[in-house]
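**Q** First, the structure itself, so that you have it in front of you.
The values are calculated or read from the model by the stated rules, or taken from the named source; none is laboratory data. Given the structure is predicted, the values throughout are model-derived calculations rather than measurements. Every residue, glycine among them, receives a Cβ derived from its backbone with ideal geometry; neighbour counts consider all protein chains shown.
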Amino acid sequence: MFNIKKIIIICIALMPTIVFCDDSPSIENAISALKNKDYNTAKSIYSALITKVSSNASFYYGRGMANYYLNNDNNAEKDFTQAIDLDNDMTEAYLGLALVLIQKNDYQRCLTILNKALKNNSDRNNFYYLRGFVNYLQEDFQNAASDFSQVIVNDRDNADALYGRAISYYRMKNYPDATADFKELLSFNNYSEALLLEVRRLLNVINNQ
């Protein structure tokens, strides 16, 4: 029950807005199309913008997000990579590329991208969370717990990271620390009932060890 959807929403919310004045209406339409889930329209507009101005990283990022939602993983990867090549500090392009590589099960390359992003960007929590998720998928639970812990250090109320660390501890059979995190999760009022039911189930499993 990892919350990757929240990272995707953040990618849309972080849409770059540095634009050329004469293209402003088209860019606004492209961003609006993405937010309204009209991905084919967004892709078409961004492609036209790229034809006009091929050096704008935000255009490739926008088209990459459209391709991501259209499950065009290879094209999305190319677009996010081009965005990074044009703007090495574009945080959202690293996130987008990491999401594509997760979707392609290319975990080693994803870790390489996330490690690079952690060196280049100051907004690190999303990268630590994604790296923790990838480490968890690879059953590297120790490093997963470490990454989720880093998120918690920066944001003590991050329930998603707390769950990630708890389930990593659980998979390592570190039941005391898993229990502490699971119990803390039960105090969160804004978390889904489905997840809280799963937390209670896991606590019962631990108690019956």
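**Q** Could you say whether any residue in the stretch 127-137 is farther than 19 Å from Asp85 by Cβ and surrounded by fewer than 16 Cβ atoms within 10 Å (Cβ to Cβ)?
**A** Within the stretch 127-137, one or more residues are farther than 19 Å from Asp85 by Cβ and surrounded by fewer than 16 Cβ atoms within 10 Å (Cβ to Cβ).
**Q** Yes or no: Gln82 more than 11 Å from the chain's Cα centre (by Cα) and under 23 Å from Arg171 (Cβ atoms)? Talk me through it step by step, then tell me what you get.
**A** Values: more than 11 Å from the chain's Cα centre (by Cα): yes; under 23 Å from Arg171 (Cβ atoms): no.
Answer is no for this residue.
**Q** Spot the failing condition for Arg63; the list is (1) within 30 Å of Phe141 (Cα to Cα); (2) surrounded by 19 or more Cβ atoms within 10 Å (Cβ to Cβ), and only one is missed.
**A** Of everything listed in (1) within 30 Å of Phe141 (Cα to Cα); (2) surrounded by 19 or more Cβ atoms within 10 Å (Cβ to Cβ), Arg63 misses just condition (1).
**Q** Looking at the structure I just gave you, is Leu111 among the aliphatic types (A, V, I, L, M), loosely packed, with under 15 Cβ neighbours inside 10 Å and assigned to a helix (DSSP H, G or I)?
**A** no
**Q** If you don't mind, another one. Could you tell me whether the stretch 169-183 includes any residue that is assigned to a helix (DSSP H, G or I), touching an Asp or Glu at 6+ places or on another chain (Cβ under 8 Å) and surrounded by 17 or more Cβ atoms within 10 Å (Cβ to Cβ)? Please lay out each step first, then the result.
**A** Taking the stretch 169-183 first, the residues assigned to a helix (DSSP H, G or I) are 169-171, 175-183.
Next, from what is left, pick out any that are touching an Asp or Glu at 6+ places or on another chain (Cβ under 8 Å): 169, 171.
Next, from what is left, pick out any that are surrounded by 17 or more Cβ atoms within 10 Å (Cβ to Cβ): 169.
For the stretch 169-183, residues assigned to a helix (DSSP H, G or I), touching an Asp or Glu at 6+ places or on another chain (Cβ under 8 Å) and surrounded by 17 or more Cβ atoms within 10 Å (Cβ to Cβ): present.
**Q** Evaluate the following for Asp89: is it outside any helix (DSSP H, G or I) and either surrounded by 23 or more Cβ atoms within 10 Å (Cβ to Cβ) or without any contact (Cβ under 8 Å) to a residue 60 or more places away in the chain (or both)?
**A** Working: outside any helix (DSSP H, G or I): yes; either surrounded by 23 or more Cβ atoms within 10 Å (Cβ to Cβ) or without any contact (Cβ under 8 Å) to a residue 60 or more places away in the chain (or both): yes.
Yes, satisfied.
**Q** Which residues, taken from the stretch 184-209, are in a loop (DSSP other than H, G, I, E, B) and surrounded by 14 or more Cβ atoms within 10 Å (Cβ to Cβ)? Reasoning before the result, please.
**A** So in the stretch 184-209, the residues in a loop (DSSP other than H, G, I, E, B) come out as 186-192, 208-209.
Hits for the stretch 184-209 are Phe188, Tyr191.
**Q** Can I ask one more? Residue check, Tyr163 against (1) modelled with pLDDT under 95; (2) under 28 Å from Gln82 (Cα atoms); (3) touching a Leu at 6+ places or on another chain (Cβ under 8 Å), all met but one. Which one?
**A** (2)
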